[in-house]
1. What distance in nm lies between label points placed 7 Å from Cα along the C-beta direction at Tyr77 and Asp221?
2. Okay, which of region 77-112 sit inside 14 Å, backbone N to the point 7 Å along the Cα-Cβ direction of Thr8?
3. Under a 1.4 angstrom probe, counting protein chains only, how are Cys669, Cys146 ranked by accessible area, largest first?
4. Across bins of 5 angstrom width beginning at 0, how are the C-alpha pair distances of region 561-658 distributed, in whole percent?
5. Give me the distance in nm between label points sitting 7 Å out from Cα along the Cα-to-Cβ direction at Cys669 and Arg396, one decimal.
6. Over its Cα atoms, what ratio of radius of gyration to 2.2 N^0.38 Å does region 11-52 give?
7. Amide H neighbours of Ile531 under 5 Å, at least 5 residues apart or on other chains, H built in the peptide plane: list them.
8. Express the accessible area of region 87-243 per residue in Å², computed with a 1.4 Å probe while the remaining protein chains stay in the model.
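The values are calculated or read from the model by the stated rules, or taken from the named source; none is laboratory data. All figures in this text were calculated on a predicted structure; none of them were measured in a lab. Cβ coordinates were reconstructed from backbone atoms using ideal geometry, including for glycine residues, and neighbour counts include every protein chain displayed. Note: accessible area is taken over every heavy atom of the protein model, side chains too, but ligands, DNA and RNA are not part of it. Shrake-Rupley method; radii C 1.70, N 1.55, O 1.52, S 1.80 Å.
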Amino acid sequence: MPGHEMITINTGNLYYKTVNRQIRESLSRGEREIVLTGVLGQRYIGGGISADAKFAIHGVPGQDLGAFMNGPEIRVYGNAQDGVANTMNAGKIVVHGKAGEIPGHSMRGGKLFIEGDVEYRAGIHMKEYLEQIPILVIGGTTKDYCGEYMAGGRIVVLNLQNRKESPVGNSTGTGIHGGAIYVRGQVALHQLGIGAVFAGMDDEDRLFLDRILEEYAAEFDLDPAKIGKGSFVKITKKGKRPFGKLYTPGMNVKDEPPHHFNLTPPCAAACPTGIPTPVFLNLIKDGKLREAQLLMDEYSPFRMAVCGTVCPALCMEACSRNMIDGPVRIQDMAREYYPDFDPVLPKELRPEKVSVIGAGPAGLSAAWQLARRGYAVEVYEGRDDLGGKVRSAIPRARLSDDCLGRDMERIQKLPITFHLGTFVDKESFAGIVKKSDAVLVAAGAHKTKRIPYPGGDRIVSGLDFLVSINDGNAPDLSRKKVAVIGAGNVGMDIACEAWRLGATAVAALDIQKPLAFGKELELARELGTKILWPQMIERLDDTTIYFKGGGSLEADVVFFSIGEAPEAGFLGDTVFLDERGYVATAEHSFMSSNPKVYACGDIRRPGLATDAIGQGRLAAMEIHAMLKGETFIYPAKIPVSKKRVHTVYFEDGRSEIDRCLSCGTCIFCDTCVEHCPQGALSRNGEIFTIDTNTCTMCYTCVAVCPRGAMQPEFIPAVGEPAG
């Protein structure tokens, strides 16, 4: 009676259409168990069949085995070619061997069990709907792009041979936005594709694995307990909608091809001096240490004292590596790769003379840049030493004389004439202007700002306090209670020094959230400094500070630390000051109202030492352009967005230098070239070419660029892109 006997079809050399026709004829007669022998590459076996049937295939079926299948069970006793279970809706396929590429492609339901290895793109485009969840179990290993663009389902990679290498390739889970991949073995972070992340295993995951591994073991006569041994790694999508922003009506509305050019890395964008740290580190990685050190000389002569020591490290705070495992230790790199040679002297001397007023970080930075370009530079400084506040106001506990001395020694190797112990007044300034081709005023701000509180005559300048300590005239604060008005980083320095000089209690007061951060704040708190805010002071007497609204604080000694104002009276009437007393300049210029006089540093705008160094460099560049009769172009910072830096491409670096992601900076990895679907992008050396006739403006290259060096639009401020 039909349906009670197993039917065998000897496929021999039959054409695939003939084989599939015979299968359907058998099913139409009611046969539900069919054995196929001699199978050799016939395609589409089981394709589109919805009957409740079982197939046993002996041989190697061709492409798209079980494509669009909706219910039957197929067992293959041999290997299978590409596309097994392509868009299968329901049923089960078991392969007692290996399989080719894209097994489980676009599966919408059912189960696919493979005993051995598979090739590329296993489980690509798998999806699920309600209770219909497709499952792909691979007994061996799989290659690149496993789970690419998954929208649902489950992929399990078992690595039953326990191979030492990772059981999955690179770009695992690229574009995943649903489902999960379970891998028995090790998977490195760099193997994950865009949008894929590691996730913790919960009870539901473990229950799923227990059930599916038991079923898998039964198919291949294995011990499920042995299969389950070893740790599983779970890979899934990042967030709820990792690619939600891509699915908008405007996504495919493009009117220009992508562009290739570098943007400013987050570290350089945050650095007031503008140091391109990734370029510096990449030169070192290429074995070009001297070139790297010469590059740093183009930006700052304070690589040891400031960059490597007292700078609050805004670059490290902005470092994209914080999204992975903590910032690159840029300060350590500045010290480790400090130049071991004298600065390069100018090849030619220029006839112009430039005078600099002030030998602090701004003035010395400018003098350094101008002298290296051949100008005759004279520096006037009221103190008997170089360094300004960097030397006089920063505690020696944070910046030693030896550390600062290394920078000062290199600066003094340049042909700069220093006039130390020379205070510049209105008369001498006029003489300096007259004999110079350009004058740069970098005299800083040294007059402590004060608030006229009742009884506030006893409040001491915090800056004078720090200077007196470094000059060897430290006051005795033994058994004193100290208050600091102003809770910025300088206020924290004052607090730390007060503790060192014997204070029994130190408090810092502020009317707003304290601006202190970093090492200064951390150290002050460790020593026991109380930070009180918001506190409005009403008055003082000999022992106490009284606050508005009630409350008081005992204080034997009180310091002001609310900033300093410049003393700019020596500049004369031709140099205009703003309403706060700072030298007035245009937004992107350092030229004052007197076209021969420029200003930088705290006398122009208060800031950090790194701000002063950066301003000194740019002011020197503007003076250089003016003296050469050229136009000064203020350098623009165009930061690369951190969302364009794909951290999934990066793993732990072998060394500190290797940890740098080179954000916004192309290192010619060719990821964009390799992923272009149309082959429109090519590279010849450092020149990228986009074939606009072939490019469909899909912006795949923009999406896959690890560092954000492929741009979706032209940015005029950057200039013409290469290629």
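1. Using points 7 Å along Cα→Cβ, the separation is 1.1 nm.
2. Counting backbone N atoms under 14 Å from the label point, the list is empty.
3. Numbers: Cys669 60, Cys146 0 Å².
Highest to lowest solvent-accessible surface, that is Cys669, Cys146.
4. In whole percents, the pair-distance histogram is 2, 11, 16, 17, 14, 10, 8, 7, 7, 5, 3, 1.
5. About 4.8 nm, to one decimal.
6. Working: Rg = 10.0 Å, N = 42, 2.2 N^0.38 = 9.1 Å.
The reported ratio for this selection is 1.10.
7. Hits under the 5 Å cutoff: Ala508.
8. Details: 6770 Å² over 157 residues.
Normalised by residue count, the accessible surface of region 87-243 is 43 Å².
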